[in-house]
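Let me begin by presenting the structure, written as structure tokens, before commenting on it.
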Amino acid sequence: MALVAPAAAVDLRAVPVPLEPALRSGKVALAAGEVVAQPALEQALRTDAALLWQRGDGGAGLSVAFQAVTWRDGALGCPQPDRMYTQALVSGWRVLVSDDTRRVSYHASRSGFWLLCPADRSHPPLPDDATR
């Protein structure tokens with residue numbers, strides 16, 4: 001009979017635990033200096049929501065609503081703790097993707113970056129008249 005060495009004890013207090021789960025995010029591929037077109041961003045967000053909800057249709061059956069906004073900084077209205085962001089206004093969109101029972105909010109920039117932002121972390125964009 002072979003003896004098996006006991007597994008080393010792990011001090012769970014020493015294992016780093018993230019304060020919150022990582023955000024779902026991505027970037028629409030663009031050539032240098034290009035601005036993302038809404039159809040390309042819409043397809044990326046449909047695809048992500050379909051993956052999130054484990055749908056086999058690639059997001060074809062989802063509703064998508066765009067709102068043009070100006071974000072207050074590089075966090076795109078969804079800052080994470082202990083992160084630094086550019087302190088410049090960012091043109092972009094707030095995008096709601098939904099089906100019959102669920103809805104998620106994505107925040108995006110015109111340079112093609114997007115992220116899924118949970119409602120409890122979402123910060124509002126600037127009011128329309130603040131950028132005029």
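The values are calculated or read from the model by the stated rules, or taken from the named source; none is laboratory data. Fair warning: this is a prediction, and the values are worked out from it, not measured in the lab. Glycine also receives a Cβ, built like all others from the backbone with ideal geometry; neighbour counts cover every protein chain displayed.
Pick from the stretch 55-77 the residues that are charged (D, E, K, R) and at pLDDT 95 or above: which of them is farthest from Ser25 (Cα to Cα)?
The extreme case among them is Arg72.
Among the residues in the stretch 78-89, are any closer than 13 Å to Ser25 by Cβ and free of Cβ contacts under 8 Å to residues at least 24 places away in the same chain? Yes, the stretch 78-89 contains a residue that is closer than 13 Å to Ser25 by Cβ and free of Cβ contacts under 8 Å to residues at least 24 places away in the same chain.
Could you please give the count of residues in the stretch 1-54 that are of a type in the set (Gly, Ala, Ser) and at pLDDT below 85? Count: 10.
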